[in-house]
Amino acid sequence: MSKKLRLYLLFFALLLVGFYYFLFKGTDNWKVQLPVLSYVQPFHFTNQDGNSFTDKELLNKITVVEYFFTTCKGICPKLNTNMKNIYAIYKNEADFQIVSHTCNPGTDSVPVLKRYADSLGVNTKNWIFLTGRKDSLYQMARGSYLLDDPKNNVEKIEDQFMHTQFFALIDRNGKVRGKIYDGLKALEIEQLKQDIAKLLKDK
């Protein structure tokens, strides 16, 4: 092969690479997408101010979801310390929110959740605390957010108690994305922060 022919081939190869670069630049076709794990089913709960909060409140927002209870002395304080770190980074993002569901609605009434939120010093417009019927709360954790194994469901709801250390990430369309993040592991918290940033950029 002559030197001139090699130069022509190299030129056309570069031209082809440039063509595909500009074709896909500015689109998501070339990016690695976060997997879709599940879809959020319809729900109706009550927030720390006594107001209704439904699945519609998740639309057009990037949401991190967790379950906890206010009297927990075990993993919950650590979980919410890590969550508060995430909150501090994204609290000024209009399209971001955290939604914390109680796993113990018998104790965590609206006033109790309000006092707990106030103790954290957070803005409850973008970190919301929810209570509701125990069976509905647990069904959402297992069926929508994948934060607890459905096999843990026993016949009587009053005999159940869910205590999970995992966080879920929800996109603007109500899809559970990325992975189920362990809220006690530093590396997974860092991964969650990065994945939040990716979804915030995805309009």
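The values are calculated or read from the model by the stated rules, or taken from the named source; none is laboratory data. These figures come from a predicted structure and were not determined experimentally. Reconstructed Cβ throughout: ideal geometry from the backbone, glycine too, with neighbour counts over all protein chains shown.
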Please indicate, with yes or no, whether at least one residue in segment 81-91 is touching a strand residue (DSSP E or B) at 6+ places or on another chain (Cβ under 8 Å) and within 23 Å of residue 138 (Cβ to Cβ).
-> yes
Residues 32, 36: which one is modelled with pLDDT of 95 or more and among the hydrophobic types (A, V, I, L, M, F, W, C)?
-> 36
Listed residues 97, 48; which is under 13 Å from the mean Cα position of the chain (by Cα), closer than 22 Å to residue 132 by Cα and modelled with pLDDT of 95 or more?
-> 97
